[in-house]
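These notes concern the structure reproduced below.
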Amino acid sequence: MGPSAKSDTNGTASSNRNPPATNGGDASLNQPPPLATNQAITESDPSKKRKMGMLPLEVGTRVLCRWRDGKLHPVKVIERRRIHNGGPNDYEYYVHYTEFNRRLDEWTHLDQLDLDSVECAVDEKVEDKVTSLKMTRHQKRKIDETHVEGHEELDAASLREHEEFTKVKNIATIELGKYEIETWYFSPFPPEYNDCVKLFFCEFCLNFMKRKEQLQRHMRKCDLKHPPGDEIYRSGTLSMFEVDGKKNKVYAQNLCYLAKLFLDHKTLYYDVDLFLFYVLCECDDRGCHMVGYFSKEKHSEEAYNLACILTLPPYQRKGYGKFLIAFSYELSKKEGKVGTPERPLSDLGLLSYRGYWTRVLLDILKKHKGNISIKELSDMTAIKAEDILSTLQSLELIQYRKGQHVICADPKVLDRHLKAAGRGGLDVDVSKLIWTPYKDQS
């Protein structure tokens with residue numbers, strides 16, 4: 001499960017803690033009379049006086065904050081709120097760790113902040129560039145866990161508006177089946193859930209409730225043990241269900257609410273009628289438990305075979321994301337079409353797909369004898385020709401000679417690239433896929 005923030009509304013800020021009182025000692029007889037506590041703080045220590053004058057910190061302030069790793073990291077104050085029954089300067093601060101993904105934004109207390117490091121606002125573009133240069137590849141990989149963010153179609157202006165509207169997580173944690181999961185991002189739940197820090201989901205129908213007791217009552221009545229819709233794949237303990245957004249509108253909308261908690265720029269479609277949802281489950285004697293899903297339009301003029309994809313945090317790094325990508329292409333093959341994910345892709349999305357395309361294409365090139373064209377590769381894999389071309393170009397495996405592209409398939413080079421691409425995840429057993437394309441359904 002990826003790291004994320006928990007909101008703690010019961011903490012108290014440490015800004016007005018009094019110093020310990022002294023009980024006698026060898027004080028000189030001509031020492032001035034003791035000052036009142038607050039006066040002692042401000043007059044005996046100019047730095048404390050300066051710090052007290054900073055409070056409460058303004059939204060936009062940049063400061064160092066002690067994170068869960070025990071180290072100080074640069075943050076920007078995104079929002080603040082008064083502590084219940086606290087003093088005039090007692091606030092909690094919602095901060096964004098500028099080195100890390102927004103999913104790690106969290107509410108912090110004053111004692112986590114190093115007030116000596118408070119600085120004025122700096123130019124956003126310069127700061128972002130410096131931050132990106134400071135991050136090592138290992139840090140970025142550690143924080144940006146493998147998953148694909150969906151519906152990343154926002155331009156710069158829309159992105160700023162989106163980030164302003166969704167800057168503070170509204171739900172800190174959810175309970176889904178046997179897991180309590182820390183959320184990553186804002187999700188626009190109905191207004192009646194605005195005061196909830198935690199939500200309880202039925203893992204089968206995805207209805208959500210405010211209290212554990214409500215969930216327990218619901219579970220005694222809910223007769224679902226798997227997602228609604230048709231089971232189109234079963235191999236061992238893995239099952240895939242196709243859910244029609246028009247036939248199962250409430251389930252599909254609840255799935256979108258849930259997914260938005262873990263996808264930053266996903267557009268929440270209330271009109272789910274136009275989509276099919278493919279929900280992957282691990283099955284046991286208690287039922288079929290959702291691992292992740294992808295969605296696709298019923299009719300896509302752009303030949304998109306995937307609109308949005310998510311592996312839930314407890315199931316990440318187990319090969320399920322790669323399985324979902326591979327499954328989307330197996331459906332395209334059944335349809336007799338080439339497919340491609342909805343554009344534009346996020347950086348992580350491109351990374352995941354580029355890995356899949358690399359493994360599939362290089363496996364074929366290794367085994368194939370003689371020349372092979374991009375069109376033939378596309379027909380064999382259902383991968384769009386443009387995606388094949390861009391992948392092979394990124395690997396420097398293609399040259400342009402005499403007006404046409406020529407693939408250079410040196411076995412040692414192919415092995416090196418395959419090793420770099422990593423494992424392919426779980427295999428899709430096509431013999432276990434029983435599915436009729438939507439266009440053929442009555």
Applying the selection to segment 206-226, what residues are under 24 Å from the mean Cα position of the chain (by Cα) and open to solvent by less than 50 Å² (accessible area, probe 1.4 Å)?
206, 208, 209
Output the residues belonging to segment 227-244 that are in contact with a strand residue (DSSP E or B) (Cβ under 6 Å, 6 or more places away or on another chain), more than 15 Å from residue 275 (Cα to Cα) and open to solvent by less than 70 Å² (accessible area, probe 1.4 Å).
227, 232, 233, 239, 240
Given 224, 206, 258, 280, which one is part of a helix (DSSP H, G or I) and not basic (Lys, Arg)?
258
Screening 378, 390, 346 for residues that are modelled with pLDDT under 90, open to solvent by less than 60 Å² (accessible area, probe 1.4 Å), within 30 Å of residue 240 (Cβ to Cβ) and polar (S, T, N, Q) leaves only 346
Counted residues, segment 274-285 - those being open to solvent by 20 Å² or more (accessible area, probe 1.4 Å) and either β-branched (Val, Ile, Thr) or at pLDDT 95 or above (or both):
4
Is at least one residue of segment 56-69 touching a Pro at 6+ places or on another chain (Cβ under 8 Å), at pLDDT below 85 and open to solvent by less than 50 Å² (accessible area, probe 1.4 Å)?
no
Residues located in segment 247-267, provided they are at pLDDT below 95 and farther than 17 Å from residue 208 by Cα:
263, 264, 265, 266, 267
Considering only segment 397-406, how many residues are open to solvent by 40 Å² or more (accessible area, probe 1.4 Å) and in contact (Cβ under 8 Å) with a residue 12 or more places away in the chain?
1
Pull up segment 407-442, narrow it to residues that are open to solvent by less than 40 Å² (accessible area, probe 1.4 Å), of a type in the set (A, V, I, L, M, F, W, C) and touching a Phe, Trp or Tyr at 6+ places or on another chain (Cβ under 9 Å), then point me to the one that is modelled with the lowest pLDDT.
421
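The values are calculated or read from the model by the stated rules, or taken from the named source; none is laboratory data. Note that this is a predicted model, so its numbers are computed, not measured. No Cβ is skipped: glycine too gets one built from the backbone with ideal geometry, and neighbour counts run over all protein chains shown. We work out accessible area using only protein heavy atoms, side chains counted, and drop any ligands, DNA or RNA first. Shrake-Rupley method; radii C 1.70, N 1.55, O 1.52, S 1.80 Å.
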